[in-house]
Amino acid sequence: MGVLEATKISAQALEKAVELPLGQILPGDCIAAMRRLPDACVDLVFADPPYNLQLGGDLNRPDGSHVDAVTDAWDKFDSFAAYDAFTRAWLTEARRVLKPDGGLWVIGSYHNIYRVGAILQDLGFWILNDIVWRKTNPMPNFRGTRFTNAHETLLWCSQGEKAKYHFNYRAMKTLNDELQMRSDWVLPICAGAERLKEGGHKVHPTQKPEALLYRVLLATTERGDVVLDPFFGTGTTGAVATRLGREWIGCERESGYRSAALKRIAKELPLDESALTTMQAGRAAPKVAFGALVENAYIACGTKLFDKQRRWEAVVRADGSLACGKQTGSIHGLGKDLQGAPSCNGWTFWHYEADGEARPIDAARQAYLLALED
């Protein structure tokens, strides 16, 4: 390829990128919004569509207090046929705007995920994994008439059986303390300071935890990739994409959600280049992987860790790996290599600054475990 031809292609790519509404939330119906996007322009679609919960009447706790459940108009459809038509329409547009090697994630509950999955396959998507998000703190079944709904399902798809797709296997293994990441993810629901509230009430009834999107984006995108979220809500996808150095486009018809999302994302700061680098291609696994602390911000990406004698300093990277100069590894592996030792318990070896004192990273792990028990 000649220099002139390469320059022409580069200019065309730049022109196409400029045309995309990067960092914007497109108002109105997501199907109409996606139709305004060019073909094959995004690297990943993450969709959290209406679940069509079919709730009848109010839901109350045993003490008579009201449960803040999903009763919004956007989750109501006249029939399964109407929901299926809506699903087929937005998935058709998602398929069109995805690049040939792009991926699609869609999350749902038993109310809708099986219908969505069948339509995905009808349209030619190829399901790579179904991920079970097991909630550590699910809403109990107050009526006591069924099992507690303690999980949701994510479908991860490529454009077809033979299609290429992106998967950062090594980063996921590092995030999980050098164990292969499994298809059952144990994560808490959105709560605490992360939950957006106004006047004491949730801004959005089904706000997803940032840790969930962190894992999805780290696993299946690269820096600079464009992520489209057709059901943007309060902007979890945009917030995490910004942090991880990904571009994003949102679609959201509710003005209140758009406003909350923009305020939220404006506070996000992208990580620097060194922290965003991940492992490319000590089994004494604790109850919690170090990566879980990073994706839940108990140990922030970019934090500087050091040993008790402060002989070495390492930077925490996006996938839970550490970098000390040119050496990289897990909390256990890097500690072992630096000391020239046969093994290392990274939880007690590495420390961080908190409130003016050095604390072992195990302190953050214990805080995380305590939060899971609440």
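The values are calculated or read from the model by the stated rules, or taken from the named source; none is laboratory data. Since the model is a prediction, treat every value here as computed from it, not as a measurement. Methodologically, a virtual Cβ is constructed for each residue, glycine included, from the backbone with ideal geometry; neighbour enumeration extends over all protein chains shown. Each accessible area value is taken on the protein alone, full model and side chains, heavy atoms only, with ligands, DNA and RNA left out. Shrake-Rupley method; radii C 1.70, N 1.55, O 1.52, S 1.80 Å.
So which of VAL97, VAL18 is surrounded by 14 or more Cβ atoms within 10 Å (Cβ to Cβ) and either at negative phi or modelled with pLDDT under 50 (or both)?
Details: VAL18 fails: surrounded by 14 or more Cβ atoms within 10 Å (Cβ to Cβ).
After ruling out the rest, the residue left standing is VAL97.
Specify which of the listed residues (SER343, SER274) is modelled with pLDDT under 90, in contact with a strand residue (DSSP E or B) (Cβ under 7 Å, 6 or more places away or on another chain) and among the hydroxyl-bearing types (Ser, Thr, Tyr). Working first, answer last.
Numbers: SER343 fails: in contact with a strand residue (DSSP E or B) (Cβ under 7 Å, 6 or more places away or on another chain).
Matching residue, one of SER343, SER274: SER274.
If I ask for residues that are of a type in the set (Phe, Trp, Tyr), open to solvent by 80 Å² or more (accessible area, probe 1.4 Å) and assigned to a loop (DSSP other than H, G, I, E, B), which ones from region 126-158 would you list? Even if it seems obvious, please write down each step before you answer.
Filtering region 126-158 for residues of a type in the set (Phe, Trp, Tyr) gives 126, 133, 142, 147, 156.
Checking the rest, the ones that are also open to solvent by 80 Å² or more (accessible area, probe 1.4 Å) come to 126, 147.
PHE147 - this is the single residue of region 126-158 that is of a type in the set (Phe, Trp, Tyr), open to solvent by 80 Å² or more (accessible area, probe 1.4 Å) and assigned to a loop (DSSP other than H, G, I, E, B).
GLU268: under 20 Å from ALA94 (Cβ atoms), at pLDDT below 95 and not in a helix (DSSP H, G or I), yes or no? Working first, answer last.
On the way: under 20 Å from ALA94 (Cβ atoms): no; at pLDDT below 95: yes; not in a helix (DSSP H, G or I): yes.
Taking the combined requirement at face value, the residue does not satisfy it.
If you check every pair at least six apart or on different chains, which have Cβ atoms under 7 Å apart with a residue in region 316-337 that is on the phi > 0 side of the Ramachandran plot first and a residue that is outside any strand (DSSP E or B) and surrounded by fewer than 20 Cβ atoms within 10 Å (Cβ to Cβ) second?
From region 316-337, the pairs are GLY329/ASP337.
Determine if region 51-71 includes at least one residue that is out of contact with any Ser or Thr (no Cβ under 7 Å at 6 or more places or on another chain), modelled with pLDDT of 90 or more and not hydroxyl-bearing (Ser, Thr, Tyr). Quick ask: steps written out before the conclusion?
First, pick out the residues of region 51-71 that are out of contact with any Ser or Thr (no Cβ under 7 Å at 6 or more places or on another chain): 52-54, 56-69, 71.
So of that shortlist, the ones also modelled with pLDDT of 90 or more come out as none.
No - not one qualifying residue is present in region 51-71.
If you take the residues of region 173-190 that are in a loop (DSSP other than H, G, I, E, B) and over 16 Å from LEU212 (Cα atoms), which of them is least open to solvent (accessible area, probe 1.4 Å)?
In this case the residue turns out to be ASP177.
Taking region 229-257 as the region of interest, how many residues are assigned to a helix (DSSP H, G or I), more than 13 Å from PRO209 (Cα to Cα) and open to solvent by less than 20 Å² (accessible area, probe 1.4 Å)?
First, pick out the residues of region 229-257 that are assigned to a helix (DSSP H, G or I): 236-243, 255-257.
Going one step further and asking which of them are more than 13 Å from PRO209 (Cα to Cα), we end up with 241-243, 255-257.
Among the residues that remain, those that are also open to solvent by less than 20 Å² (accessible area, probe 1.4 Å) are: 241.
The total comes to 1.
Name the helices (runs of 4 or more DSSP H) wholly inside region 329-374 in which the number of residues that are aliphatic (A, V, I, L, M), within 18 Å of THR174 (Cβ to Cβ) and under 25 Å from the mean Cα position of the chain (by Cα) is 2 or more.
Details: elements: 331-339, 346-349, 361-373.
It comes to 361-373.
Would you check if ALA323 is over 25 Å from VAL203 (Cα atoms) and not in a loop (DSSP other than H, G, I, E, B)? Step through it out loud before you land on a result.
Working: over 25 Å from VAL203 (Cα atoms): yes; not in a loop (DSSP other than H, G, I, E, B): yes.
When the stated conditions are applied, ALA323 passes them.
Do we find a residue being surrounded by fewer than 22 Cβ atoms within 10 Å (Cβ to Cβ) and of a type in the set (Val, Ile, Thr) anywhere in region 207-225?
Among the residues of region 207-225, not one is surrounded by fewer than 22 Cβ atoms within 10 Å (Cβ to Cβ) and of a type in the set (Val, Ile, Thr), which makes the answer no.
When residues of region 192-217 are filtered for being in a helix (DSSP H, G or I) and β-branched (Val, Ile, Thr), how many remain? Even if it seems obvious, please write down each step before you answer.
Applying the first criterion (in a helix (DSSP H, G or I)) to region 192-217 yields 192-194, 210-217.
Checking which are β-branched (Val, Ile, Thr) leaves us with 216.
Of the residues in that region, 1 qualify.
Counting just the residues of region 277-310 that are farther than 19 Å from ASP362 by Cβ and surrounded by fewer than 20 Cβ atoms within 10 Å (Cβ to Cβ), which one comes out modelled with the highest pLDDT? Write out each step before concluding.
Applying the first criterion (farther than 19 Å from ASP362 by Cβ) to region 277-310 yields 277-281, 302.
The next check asks that each one be surrounded by fewer than 20 Cβ atoms within 10 Å (Cβ to Cβ); those that pass are 277, 280-281, 302.
Working: THR277: 77, GLN280: 68, ALA281: 61, GLY302: 95.
In this case the residue turns out to be GLY302.
Does ARG253 meet the test of being more than 14 Å from the chain's Cα centre (by Cα), at pLDDT below 95 and more than 27 Å from GLN327 (Cα to Cα)?
Numbers: more than 14 Å from the chain's Cα centre (by Cα): yes; at pLDDT below 95: yes; more than 27 Å from GLN327 (Cα to Cα): yes.
When the stated conditions are applied, ARG253 passes them.
Suppose we keep only residues that are in a helix (DSSP H, G or I) and in contact with a helix residue (DSSP H, G or I) (Cβ under 7 Å, 6 or more places away or on another chain) within region 159-172. Which one would you say is surrounded by the most Cβ atoms within 10 Å (Cβ to Cβ)? Quick ask: steps written out before the conclusion?
Keep residues of region 159-172 that are in a helix (DSSP H, G or I), which gives 169-172.
If we keep only those that are in contact with a helix residue (DSSP H, G or I) (Cβ under 7 Å, 6 or more places away or on another chain) as well, we get 171-172.
Working: ALA171: 24, MET172: 22.
Per the stated criteria, the residue is ALA171.
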